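A.B. asks: My structure is below; once you've seen it, I'll send some questions.
Only the coordinates and a few stated rules stand behind these numbers; no lab work does. Since the structure is predicted, the reported quantities are computational estimates derived from the model, not experimental observations. Cβ placement follows ideal geometry from the backbone for every residue including glycine, while neighbour counts extend to all protein chains displayed.
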C-alpha cells in the first residue's frame, strides 16, 4: 500500500506560511555541467526535453521531483544522474539515450509500486557507481535474515533460460482452473543478493514449491543461499536442478524433496515443451502438495529436427526437398532446440524470409547440441539434415549456436579434432550470427557493444571452429503488451526480437558466400 502523502507547514522568509508536500525521491540530472552534455568536448548530448516529457507522462511529480542541474560533482564520469529515493542515493553515469531514460523512470515506478527501495535492475546495473563515502555503508535489504513467513500455496520457477519461462507461459494455460498459482522469475535479472532479496519479498510469502533451474552450481546464482534458506524456513519444498540435464550432487544436497523427485522433474525439463511442463507441475503438486490432478510421464520430443515456417510441424527433409529449387543457393540455418520448443522463432523466421526474398532457399535445423553425434559416427546429428544421398545440400551455413564445437585448450594451442573433421566434411563457409543477450538499446548505448559474456560465447570461442563472425541479428526484448504471449501480471517475458537491418546484413553476406 502506498504511503500517505506527508505535508509540512513552512514559514517562508516573507512571512507566508507554505503547505509543502514531501517527496519520497529526487531525480537530479547533470544537464549543463563542465562535462555532461558538452558535445564540443566529445560527450553525448543530454536529452533534456525527453527527460521532461517522460517525467510528465509518468505523472509522478507528487512523489519524485525532477531537477535539471549544473555540475553534480563526479566530473570524470559524463552524463551523470543522481536519484535519491527514501533517503538512499543511487548514482548513474553515461545516461545519454532515450531508452536509458525510459529504463530509469521504469525503475523509479518500480520503487513507488514496491513502496520502498529496490536495487537497480540488471539493465541499469553497469551504469551505477558510488560517489559518497558514506553511501556504501547504508543498510542493504539483502543482508537481512531470510524471510520466516509460512509458505503460500503455489509453485515458483526460477530459471536462467528465458525459453523455460516462455514454455511455462504456454503450460499454465493447460492446467485445471483449480490448480495452485504458478509464478516465474528470470535468474538473469537477479544479478546480486540484493536483487534476490527484493524479488522474494515482492510477492509476499514464498511459494510452497520452489524450483530453481541453474546453468551452473549454487555459486552461479547471487543470493542462492538466501533463496534456499527462505524456502526452508517457510516450510516449503525446494528443488535445485541442473539446466544441463546432468545430476549435480551439490544441487541435490541443498534440495529438500525426496531424492526420487529430482530426476523425475529433470526428465520433464529435458523432454521439453508445454505439455511436458504442464504434467511436471501436476506431478510436483500431486507428490508434494497431496493434490490429485493426475499426470503423464515425460514424452520425448525430437532433439534435432527440421523447421520451416511454411512446412507443417514434424516436417522431414523430403518435405523440404520437394519445395527446393536446385537452381537457387541453399542456406543452412542452425539454432538451439530450446527456441523451437518454446516457439521463440521470430529471429529464425526473419532470416528465412530475408534469404528467400533475395533468391535463396533456407534450410533451418534445430539441435540440442552439436556434440550429439549420429550413431557410432563422430558426425553431429544436426548435420544429417544438410546432406542427402552423400552430397551436401547447402552452399553456406549460418549458425546461432554459441561456444566452439570442440574442446578449447586454455593453456596452449588447441589441436584439431572431430569438430574440424566434421566441418571439413560439410565443406561450406560457416557464418556465426549473434543472438545478443541484451536489449538493443543496451547494445547501442554501450561503447563496447556486446557484453563480455556475449563476446566470449558468440565471438571468441566460435572462432576456434573457423566460423566467420558477423553481427547481432536479434536482441532480448519484451513481447508487446498486447501480445498473447505476454502475461497480464508479473515480469515481462523476453523473446529474441529480430533486428531487420542486421538480419538483412547477414542474409546478404550468406548469399554472397554461397555464390
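A.B. asks: Sum -39500 (n - 2.57) across every DSSP H segment of at least 4 residues in the chain, then divide by the residue count to get the 222 nm mean residue ellipticity, nearest 500. It would help to have the intermediate numbers written out before the result.
C.D. replies: Numbers: 16 runs with 154 residues, N = 515.
Computed ellipticity for the chain at 222 nm equals -8500 deg cm²/dmol.
A.B. asks: Can you sort 446, 368 by how many other beta carbons sit within 10 Å, fewest first? The partial results should precede the final answer.
C.D. replies: Values: 446 14, 368 19.
Neighbour counts put them in this order, fewest first: 446, 368.
A.B. asks: Report, to one decimal in Å, the Kirkwood hydrodynamic radius for the stretch 304-514 based on all distinct Cα pairs. Mind showing how you got there, number by number?
C.D. replies: Numbers: mean 1/r = 0.0557 Å⁻¹.
It works out to 17.9 Å.
A.B. asks: Rounded to two decimals, what is Rg over Rh for the stretch 144-288 when you use alpha-carbon atoms and the Kirkwood radius?
C.D. replies: 0.92
A.B. asks: Run the simple label-point estimate for residue 189 and residue 43 please: 7 Å along Cα→C-beta, distance reported in nm.
C.D. replies: Placing both labels 7 Å along Cα→Cβ, they lie 3.2 nm apart.
A.B. asks: Based on alpha-carbon centroids, what's the gap between the stretch 277-352 and the stretch 160-222 in Å, whole number please?
C.D. replies: A separation of 23 Å, based on Cα centres.
A.B. asks: Rg/Rh for the stretch 205-268: what does it come to with C-alpha atoms and Rh from Kirkwood? Show your work: numbers first, answer last.
C.D. replies: Working: Rg = 10.9 Å, Rh = 11.7 Å.
Checking Rg against Rh, the ratio lands at 0.93.
A.B. asks: Relative to the longest principal axis of the chain, what angle (0 to 90°, nearest 10) does the C-alpha long axis of helix 274-288 take?
C.D. replies: Approximately 60 degrees, to the nearest ten.
A.B. asks: Using 0.36 nm per residue, how much length does the chain from residue 113 to residue 11 gain when fully extended, once their Cα-Cα distance is taken away?
C.D. replies: Values: separation 102, 0.36 × 102 = 36.72 nm, distance 3.25 nm.
Fully extending the segment from residue 113 to residue 11 adds 33.5 nm.
A.B. asks: Turning to a different aspect of this structure: With r as the distance between the Cβ atoms of residue 286 and residue 319 and R0 = 45 Å, compute the FRET efficiency 1/(1 + (r/R0)^6) and round to 0.05.
C.D. replies: Values: r = 40 Å, r/R0 = 0.88.
Efficiency at R0 = 45 Å is approximately 0.70.
A.B. asks: Cα-based Rg (one decimal) and Dmax (whole number) for the stretch 7-138, in Å?
C.D. replies: Radius of gyration, then largest Cα-Cα span, for the stretch 7-138: 15.7, 48 Å.
A.B. asks: State the extension gain, in nm to one decimal, for the chain segment bounded by residue 353 and residue 20, taking 0.36 nm per residue of separation less the distance between their alpha-carbons. Working shown, then result.
C.D. replies: Numbers: separation 333, 0.36 × 333 = 119.88 nm, distance 5.95 nm.
Gain in length upon complete extension: 113.9 nm.
A.B. asks: Please report 59, 32 as a ranked list, fewest other C-beta atoms within 10 angstrom at the top and most at the bottom.
C.D. replies: Values: 59 9, 32 14.
By the 10 Å Cβ count, ascending, the order reads 59, 32.
A.B. asks: How many angstrom lie between the Cα centre of the stretch 12-48 and the Cα centre of the stretch 93-122?
C.D. replies: If we compute the Cα centre of each part, the gap is 17 Å.
A.B. asks: Separate question: Tell me the angle of helix 224-233 to the major Cα principal axis of the chain, expressed in degrees between 0 and 90 and rounded to the nearest ten.
C.D. replies: Rounded to the nearest ten degrees, it is 80.
A.B. asks: Grab the beta carbon distance between residue 388 and residue 178, set R0 = 60 Å, and tell me the FRET efficiency rounded to 0.05.
C.D. replies: Values: r = 51 Å, r/R0 = 0.85.
The computed FRET efficiency comes out at 0.75.
A.B. asks: Going by alpha carbons, how many degrees (0 to 90, nearest 10) lie between the helix axis of 261-271 and the longest principal axis of the chain?
C.D. replies: 70 degrees
A.B. asks: Where Rh denotes the Kirkwood radius from the mean inverse Cα pair distance, what is Rg over Rh for the stretch 1-40? Intermediate values should be presented prior to the final figure.
C.D. replies: Details: Rg = 17.3 Å, Rh = 13.8 Å.
For the stretch 1-40, the value is 1.25.
A.B. asks: Using a Förster radius of 30 Å, what is the FRET efficiency between residue 84 and residue 203 based on their Cβ-Cβ separation? Nearest 0.05, please.
C.D. replies: Values: r = 27 Å, r/R0 = 0.88.
Step by step, r from the Cβ atoms, then E = 0.70.
A.B. asks: Please tell me the relative contact order of the chain in percent, rounded to the nearest whole number, where contacts are Cα pairs under 8 Å and at least six residues apart. Kindly include the intermediate steps, with their values, before the conclusion.
C.D. replies: Numbers: 898 pairs, mean separation 49.3, N = 515.
Averaging sequence separation for qualifying contacts and normalising by length gives 10 percent for the chain.
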